[in-house]
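Take a look at the structure set out below.
Throughout, read-outs are computed from the coordinates displayed, never taken from laboratory work. Just so it is clear, the model here is predicted, and its values are computed rather than measured. A quick note on method: Cβ atoms are made from the backbone with ideal geometry, for glycine too, and the neighbour counts reach across all protein chains shown.
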Amino acid sequence: MLWLRKHPVLTLGLRANPVHASFKRAISVKDVFVNRFPAYFGNNICGHLVRKAVRLIAVLGTKNSGKTSLVEYFVERFVRDGYRVAAVKHIHHRFTIDTENKDTWRMARRGAEIVASISPNELAIMFHKVENQWEYSLQKLLKILDDEGLDLVVFEGFHMLLGGRTDVYKIITVKNSDDAAMFLQTLKQPVLAIVNNSGQPIPEPSIPVFTFPPSDELYNYTRKAVQLSV
């Protein structure tokens, strides 16, 4: 047995039978698996089966430009269409999701670098000792998420870390045309769209411009742009 995908459950086997007639011709792993199950497998075949790469979308914009609302919309719509989605938020100031004087907080206070809690409905893992290690923390998170068989990770923020990455699709939320110009000057492609929250027209002939509230048109455009099929 070569490979098992955890969710949805799909078990595939490939055994070599030297006397089987069909085995005499060259049948690649891609022929057997990728072409028959395109929703589950990508095209990166290097001697073993490789799951299709997770798509990364960063929603970037200035404060109060609608980033969170757009991330909420994307998460809801992609999940509704059956995709497995993770959402990641950038917090600029010091922050902990832990609660002071609770057991996990006390464990961390005593020096535990990683504290985890497991309940019937949630698994929470808190990494400590990562003061100002933004890039390390992000890469660590991506490594963890890579094992989950996700289709999509939607980021809110991370302009400095993700803006220059060519493997991240960017969507800009703006309050005025100056915001749009600033982001377009600093971001590397692929930049998919601008979502205008100003209430005023923003002429930008080089990139599609949508408006708030987010619409089916924006969702369908984004889904096709990141090459996810229904």
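Observations on the model:
- Computed lengthening from Asp146 to Met160, 0.36 nm per intervening residue step minus Cα-Cα distance: 2.9 nm
- Ranked Tyr136, Tyr221, criterion: other C-beta atoms within 10 Å, fewest first: Tyr136, Tyr221
- Set Lys67/Lys188; Lys140/Lys175; Lys63/Lys170; Lys67/Lys102; Lys143/Lys175; Lys129/Lys224 screened for pairs whose C-alpha atoms are more than 28 Å apart: Lys140/Lys175; Lys67/Lys102; Lys143/Lys175; Lys129/Lys224
- Model label sites at Asp103 and Leu138, defined 7 Å from Cα along the beta-carbon direction, differ in position by 3.5 nm.
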